[in-house]
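Each remark here refers to the structure printed beneath this line.
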Amino acid sequence: MNIVKKQNLLLVKKVSKYIKPYTLKLILLFLCILCGILFSLVQPLLWGEIITDLFKKDINSVYTNIKYVLMASIANSIVNFIQSYLFNFSTTNIVYDLKTDMYNKILDFPIKVYLTKLV
């Protein structure tokens, strides 16, 4: 059991080496996810207000709440766009760094390795 924990710790250290340069973008990604959840939760509340205002026949409040729903939808779309951009940027660059390090490691092997082991 102790060996598994050591291996997991080593794996976390190796992964953190690749994630560390992108910490700011990943924190922004996390904040975008939270904002997206917040905007998604606000919309049903606003629709509920619209429905109750319709029964009260308060048209001015209905228009105001519809404006709020539209603003929340637009904000949610913008946050989702930023979220997808940050996610794609981070994952692409992390995978690129992994591939580059692996390629450089393979280049450092002596020729003897390629002569003795057939692919």
- Would it be correct to say that SER16 is part of a helix (DSSP H, G or I), hydroxyl-bearing (Ser, Thr, Tyr), modelled with pLDDT of 95 or more and surrounded by fewer than 13 Cβ atoms within 10 Å (Cβ to Cβ)? no
- Query: Taking region 91-106, which residues are surrounded by 10 or more Cβ atoms within 10 Å (Cβ to Cβ) and either closer than 24 Å to ILE27 by Cα or among the polar types (S, T, N, Q) (or both)?
  - Reply: THR91, THR92, ASN93, ILE94, VAL95, TYR96, ASP97, LEU98, LYS99, THR100
- Of the residues LEU41, LEU29, which single one is touching a residue at least 24 places away in the same chain (Cβ under 8 Å) and either closer than 18 Å to THR92 by Cβ or not small (Gly, Ala, Ser) (or both)? LEU29
- Item | Odd one out for LEU115 among (1) aliphatic (A, V, I, L, M); (2) in contact (Cβ under 8 Å) with a residue 12 or more places away in the chain; (3) loosely packed, with under 11 Cβ neighbours inside 10 Å | (2)
- Task: Determine whether region 76-83 contains at least one residue that is out of contact with any Phe, Trp or Tyr (no Cβ under 9 Å at 6 or more places or on another chain), within 30 Å of LYS14 (Cβ to Cβ) and surrounded by 10 or more Cβ atoms within 10 Å (Cβ to Cβ).
- Result: yes
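The values are calculated or read from the model by the stated rules, or taken from the named source; none is laboratory data. Keep in mind the model is a prediction, meaning the values are calculated, not measured. As a convention, Cβ positions derive from the backbone with ideal geometry for all residues, glycine included, and neighbour counts pool all protein chains shown.
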